[in-house]
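The values are calculated or read from the model by the stated rules, or taken from the named source; none is laboratory data. Predicted, not measured: the structure shown is a model, and the values here were computed from it. Note that each Cβ is placed from the backbone with ideal geometry, even for glycine, and that neighbours are counted across all protein chains shown. These accessible areas exclude ligands, DNA and RNA; they are computed on the full protein's heavy atoms, side chains included. Shrake-Rupley method; radii C 1.70, N 1.55, O 1.52, S 1.80 Å.
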Amino acid sequence: MDLGLHGKRALVCAASKGLGRGCAEALAEAGVALTINARGTEALEATAQHLRDTHGVPVTAVAGDITDEGARAEVLAAAGDVDILVTNAGGPPPGLWSDWDRADFIQALDANMLTPIALMKALLPGMMARKWGRVVNITSSSIKSPIPQLGLSNAARTGLTGYVAGTSRQVAEHGVTINNLCPGIHDTDRAVSLDTAVTKATGVTMDEARKTREASIPAKRYGTPEEFGATCAFLCSQHAGFIVGQNILLDGGAVVATV
Ligand code: NAP
């Protein structure tokens, strides 16, 4: 399917690895010129070079913490007038409800709620003026089915979800869609770090931790960054202009709900 994105420009945040990288790769394959970001320079430059070599699209790499106001300004300046924004950042650490104080919540809210909101506030006006735009926020299946040990994530991401629910309806008439992609367990470094937390808490091996988590998913496997990226690219495509304000689960059926 031609996604109709050839020549469009995108900013994909937190994209040197994992789900962000999956989104960047699928957009690059569709002919989108990219600005990508992550904190670590080495993996970021390697990903940028891979995307240029594989897909022949221009890729600008800007290293920096996307949750930091100054770094975010540099990323936005390099990205310029983009047509597509994919927001993403690392997820908060697991723990128990009694572990976290105000500073922990502020950090989580900054990363997984206020940063995507700031990015949208900066880029939506240009998209609306040009009468076309796509925003995809990488959130979590936890907005539909909370993960008890990820209380910081549950809190921050549902805040973003509420913001998107209203804002997406305010910008849709200008040809701009905002939707959230809600991953369940995917095969990335984040999954490894959560499996590691299980091994520390329960004493099981990494293999056992993974097998137990896989068994909890109806598809009996972790998702891949490639299939996640393909869904993101479709949501950004010309065909998805009528999909507005949705929270799309990619979780192998793990969230059990009729609707
Ligand atoms: P990942 O494999 O750990 O990759 C994270 C990427 O984001 C890396 O490129 C990392 O590079 C970059 N990054 C992290 N924090 C950043 C920051 N503050 N500023 C800029 N770049 C940053 O993680 P993932 O699995 O792709 O997860 C992506 C998001 O989806 C996370 O918020 C995660 O919590 C959420 N999620 C993941 C799963 C899953 O199973 N994988 C499930 C539900 C939700 P640097 O470290 O170099 O910055």
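Where does the charge balance sit around THR188 when Lys and Arg score +1, Asp and Glu -1, over other residues with C-beta under 15 Å from its C-beta?
Summing Lys/Arg as +1 and Asp/Glu as -1 gives -2.
Could you provide, to the nearest whole Å², the per residue accessible area of the chain with probe 1.4 Å?
47
On the first, second and third principal axes, largest extent first, how far apart are the outermost C-alpha atoms of region 81-196 in Å?
45, 31, 23
For region 113-132, list residues with backbone N below 12 Å from a point placed 7 Å from the Cα of HIS174 toward its Cβ?
Under 12 Å, as judged by backbone N against the label point of HIS174, lie 120-132 of region 113-132.
How much FRET efficiency would the formula 1/(1 + (r/R0)^6) give for HIS239 and ASP53, where r is the Cβ-Cβ distance and R0 is 35 Å, rounded to 0.05?
0.80
With axes computed from alpha carbons, what is the tilt in degrees of helix 115-130 against the longest principal axis of the chain, rounded to the nearest 10 within 0 to 90?
So the inclination is approximately 20 degrees.
How far is helix 69-79 tilted off the main Cα axis of the chain, in degrees rounded to 10, range 0 to 90?
50
Could you work out the helix-only [θ] at 222 nm for the chain, with each DSSP H run of four or more residues adding -39,500 (n - 2.57) and the total divided by the number of residues, to the nearest 500 deg cm²/dmol?
Working: 9 runs with 119 residues, N = 259.
Roughly -14500 deg cm²/dmol at 222 nm, from the helical runs in the chain.
Nearest 0.05, what FRET efficiency do VAL204 and ALA71 give at R0 = 35 Å with Cβ-Cβ as r?
About 0.40, to the nearest 0.05.
With just the Cα atoms of region 119-259, tell me how far they stretch along each of the three principal axes, in Å, largest first.
Principal-axis extents of the Cα atoms in region 119-259, largest first: 55, 30, 27 Å.
Taking the Cα atoms only, what angle lies between the long axis of helix 206-215 and the longest principal axis of the chain, rounded to 10 degrees?
The two axes meet at around 70 degrees.
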